[in-house]
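Visitor: Sharing a structure with you now.
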Amino acid sequence: MRSLRRSAAHAGFTLIELVVTMALAIVFLVVAVPSMQDFMASQQVAATATSLQTAAMQARSRAMQDNRRVMVQPFCHPDTASCSSPPAWADGWQVYVDVVVDQSYQAGTDTLVATEAAAPSGVTVTKESGTNDYFAYDGSGFLASIGGSSNARWKIASSKTSRIRCMYIERSGRVRIFDPNPSTTCPTSTS
C-alpha cells in the first residue's frame, strides 16, 4: 500500500517543467502573432478585391439583362461610422441602374441593385487609371465610355500588410483580380 501512496505523491509537474512549457508557449506566440496579423490583413485585402469584382460582375449582368446603363460608384454605406466627402471606395459602394443617365443615384427613379459596406479598417481602394471615380456598363455588357472609365485599374491595399490586389476592367467588360506579389504596385497591364 505504501508504494501506491508514494507514486501518487510524485504525480504532476515540477515547477521547472511548468516554467519551460510557459517559456516555449511565449516564444511560439511571439513568432506566430505577427504572421497571423499579416495573414488576416492580406485576407481582408483579398476579400475587398473580390467584393468589388463581384459588384462589377453584378453590374455587367444587370446592364445586359435590362439593356440599360448600370453604375458602380462609391457611397457612404449607412453602417459606416464616418465617411469621406465625397465618399471613397473604402466607405462602401453601390450598384444601380442609372435610369436618368446622369451618373448620380436618384432614389425613386434609379433602381438600386446592390450595396457593399465599408472595407475593413486600414484597407484602401484606389482607382489608378481613368478620370472618374466610378464605372458603368452599357446594355451590351461593355464598359460605358463615360469620362475615361474604359480599361480601368484599381489598387486594393492595407496599412497592415505589404500585400496588395489589383483589379482590372477591360473595355470588353472583363474583370480580373491580379496579385502582383512581391511588388507593391499595380502594373499597367497583366499581359
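The values are calculated or read from the model by the stated rules, or taken from the named source; none is laboratory data. Everything numeric here is computed off the predicted structure, so don't read it as measured data. Neighbour counts are summed over all protein chains in view; Cβ atoms, including those assigned to glycine, are modelled from backbone coordinates with ideal geometry. Areas reflect the complete protein model, heavy atoms only, side chains present, ligands, DNA and RNA absent. Shrake-Rupley method; radii C 1.70, N 1.55, O 1.52, S 1.80 Å.
Visitor: Just need a number here: residues in segment 88-113 that are of a type outside the set (S, T, N, Q) and either part of a loop (DSSP other than H, G, I, E, B) or under 15 Å from the mean Cα position of the chain (by Cα) (or both).
Guide: Residues that pass the stated criteria total 13.
Visitor: Tell me whether segment 54-70 contains one or more residues that are farther than 25 Å from R171 by Cβ and in contact (Cβ under 8 Å) with a residue 12 or more places away in the chain.
Guide: no
Visitor: Something else about it: Is there any pair with a first residue in segment 106-117 that is closer than 18 Å to Q53 by Cα and a second that is surrounded by fewer than 14 Cβ atoms within 10 Å (Cβ to Cβ) whose Cβ atoms are under 9 Å apart and which are 6 or more apart or on different chains, and what are they?
Guide: That search, which allows pairs on different chains as well, returns T115/P78; A117/P78; A117/D79.
Visitor: Let me ask you something else. Restricting attention to segment 145-172, report how many residues are of a type in the set (G, A, S), surrounded by fewer than 21 Cβ atoms within 10 Å (Cβ to Cβ) and at pLDDT below 90. Don't jump to the end; show me each part of the working.
Guide: Taking segment 145-172 as the starting set, the residues that turn out to be of a type in the set (G, A, S) are 145, 147-150, 152, 157-159, 162, 172.
Filter again for surrounded by fewer than 21 Cβ atoms within 10 Å (Cβ to Cβ), leaving 145, 147-148, 150, 159, 162, 172.
Now restrict to residues that are at pLDDT below 90: 145, 147-148, 150, 162, 172.
Summing the residues that are of a type in the set (G, A, S), surrounded by fewer than 21 Cβ atoms within 10 Å (Cβ to Cβ) and at pLDDT below 90 in segment 145-172 gives 6.
Visitor: Please work out which residue is nearest to S162 (Cα to Cα), limiting yourself to segment 14-38 and to residues that are polar (S, T, N, Q) and free of Cβ contacts under 8 Å to residues at least 60 places away in the same chain.
Guide: The selected residue is S35.
Visitor: The conditions are (1) in a strand (DSSP E or B); (2) open to solvent by less than 50 Å² (accessible area, probe 1.4 Å); (3) farther than 25 Å from A41 by Cβ; (4) not basic (K, R), and G141 fails exactly one of them. Which is it?
Guide: Here G141 clears every test but (1).
Visitor: I would also like to ask the following. Does T126 qualify as being on the phi < 0 side of the Ramachandran plot, in a strand (DSSP E or B) and free of Cβ contacts under 8 Å to residues at least 40 places away in the same chain?
Guide: The answer is yes for T126.
Visitor: When residues of segment 93-115 are filtered for being open to solvent by less than 60 Å² (accessible area, probe 1.4 Å) and at pLDDT 90 or above, how many remain?
Guide: Matching residues across segment 93-115 total 11.
Visitor: Please go through segment 59-87 and give me each residue that is open to solvent by 80 Å² or more (accessible area, probe 1.4 Å), modelled with pLDDT of 85 or more and part of a loop (DSSP other than H, G, I, E, B), ordered by number.
Guide: If the condition is that a residue be open to solvent by 80 Å² or more (accessible area, probe 1.4 Å), modelled with pLDDT of 85 or more and part of a loop (DSSP other than H, G, I, E, B), then N67, R68 are the ones that fit.
To keep it simple, each residue is scored yes or no on (1) more than 21 Å from T185 (Cβ to Cβ); (2) under 19 Å from the mean Cα position of the chain (by Cα); (3) of a type outside the set (D, E, K, R); (4) not in a strand (DSSP E or B).
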site: T115; (1), (2), (3), (4): yes, yes, yes, no
site: S121; (1), (2), (3), (4): yes, yes, yes, yes
site: G130; (1), (2), (3), (4): no, no, yes, yes
site: M167; (1), (2), (3), (4): no, yes, yes, no
